[in-house]
Structures are given as C-alpha cells and as structure tokens.
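A.B. asks: Below you will find the structure I want to go over with you.
The values are calculated or read from the model by the stated rules, or taken from the named source; none is laboratory data. Computed from a predicted model, the values in this text were never measured in an experiment. With ideal geometry, Cβ positions are generated from the backbone for all residues, glycine too; neighbour counts draw on all protein chains shown. Note: areas computed on protein heavy atoms with side chains; ligands, DNA, RNA excluded. Shrake-Rupley method; radii C 1.70, N 1.55, O 1.52, S 1.80 Å.
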Amino acid sequence: MNDNSRSVASLARCLRDMTATLERTRIAYNQALQARDDKRNQLVKSEARLMEVRKVVGRYAGVKDPVVASDGFTYERQVIEDYLKECQTNETDAYSQQTREVLSPTLHSNSSLKKLVE
C-alpha cells in the first residue's frame with residue numbers, strides 16, 4: 001500500500017469518527033432540548049398552580065377565624081354564626097350558598113387555613 005492509499009484510508013477513518021461524533025452530539029442536543037422543554041412545561045404548570053393558591057389565600061386572607069360548615073366550605077366564624085342565628089330566629093332552614101344544602105349549626109375550626117393566612 002502506498003502513501004496515498006494510507007492517507008485516503010486515514011482520512012476515511014477520520015471522517016467516520018467525525019460522523020459518529022456528530023451523531024452523538026446531535027442526539028445529546030436533542031435530549032437536552034427535550035429536557036429543557038419538559039422543565040419549561042413543569043414550570044408553567046407550577047406557576048398556574050401557584051396562581052390558584054394565591055387566589056385562594058387572597059380570598060381568605062382577611063378571614064380572622066375561619067370555620068368549616070357542614071357543606072365542607074370555609075367561612076368567617078362571625079358571618080356564618082350570624083347567618084345561622086338569623087335563620088334560627090326566623091325559623092327557616094339555613095342553606096349553603098355553595099351547595100344549596102341545609103346547613104347544620106355545627107362549625108369546625110379551620111386551623112390549617114388560619115395558620116396559612118397568619
């Protein structure tokens with residue numbers, strides 16, 4: 001084999017090696033793009049969930065003594081107690097504004113929400 005043949009063979013090996021390296025780089029790049037897109041999607045979902053939480057906290061931020069009524073919803077204790085007393089005075093059923101079910105007079109402190117807004 002002469003010098004030209006060896007040079008051509010050497011160049012062919014270099015070309016194969018460079019092609020393989022280029023393919024590995026392309027695969028790694030595409031994987032990095034996919035990982036970036038996955039993280040971006042997670043971030044968008046997390047930001048949307050955070051906005052939902054902020055809305056809930058904002059809605060209840062002014063609540064001093066949150067309680068859960070029999071409908072499962074949280075109310076300001078004084079407001080719901082006044083409503084229940086008014087219905088009792090008028091001898092009418094107290095209805096949930098959320099579910100339209102009759103409310104029982106039993107209220108439970110919502111200590112989780114109270115700690116969250118403090």
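A.B. asks: Ratio of alpha-carbon Rg to the 2.2 N^0.38 Å globular estimate for the chain, to two decimals, please.
C.D. replies: 2.48
A.B. asks: While we're looking at this one, here's another question. Report the Cα centroid-to-centroid distance between region 46-74 and region 1-34 in angstrom, as an integer.
C.D. replies: 60
A.B. asks: Enter the angle in degrees (range 0 to 90, nearest 10) between the Cα long axis of helix 77-89 and the first principal axis of the Cα atoms of the chain, meaning the one along which they spread out most.
C.D. replies: 40
A.B. asks: Measure off, as a whole percent, the carbon and sulfur share of the 1.4 Å-probe accessible area of the chain, all protein chains present.
C.D. replies: Of the solvent-accessible surface of the chain, carbon and sulfur hold 55 percent.
A.B. asks: Right, here's the next one. Where a Cα-Cα gap under 20 Å defines reach, which aspartates and glutamates qualify for LYS45, not counting those fewer than 8 residues away within the same chain?
C.D. replies: ASP37
A.B. asks: Report ³J(HN,Hα) in whole Hz for each residue of region 33-38, in order, from the Karplus equation J = 6.51 cos²θ - 1.76 cosθ + 1.60 where θ = phi - 60°; Gly and Pro get x.
C.D. replies: 4, 5, 4, 4, 5, 4
A.B. asks: Which cross-chain or sequence-distant (5 or more) residues have an amide H under 5 Å from the amide H of LEU103, H modelled 1.01 Å from N in plane?
C.D. replies: Under 5 Å from the amide H of LEU103 lie the amide H atoms of ALA94, TYR95, SER96, each far enough along the sequence or on another chain.
A.B. asks: Only helical DSSP H runs with n ≥ 4 go in: add -39500 (n - 2.57) per run for the chain, normalise by residue count and round the 222 nm mean residue ellipticity to 500 deg cm²/dmol.
C.D. replies: The per-residue figure over the chain is -23500 deg cm²/dmol.
A.B. asks: With the cut-off at 22 Å, tell me which of the pairs LYS64/LYS115; LYS85/LYS114; LYS85/LYS115; LYS39/LYS114 have Cα atoms farther apart than that.
C.D. replies: LYS85/LYS114; LYS85/LYS115; LYS39/LYS114
A.B. asks: Mind listing the long-range amide H neighbours of ASN110? Cut-off is under 5 Å, sequence gap 5 or more, other chains count too, H placed in the peptide plane at 1.01 Å from N.
C.D. replies: VAL67, VAL68
A.B. asks: By average Cβ neighbour count within 10 Å, what is the ranking of 109-115, 20-26 from highest down?
C.D. replies: 109-115, 20-26
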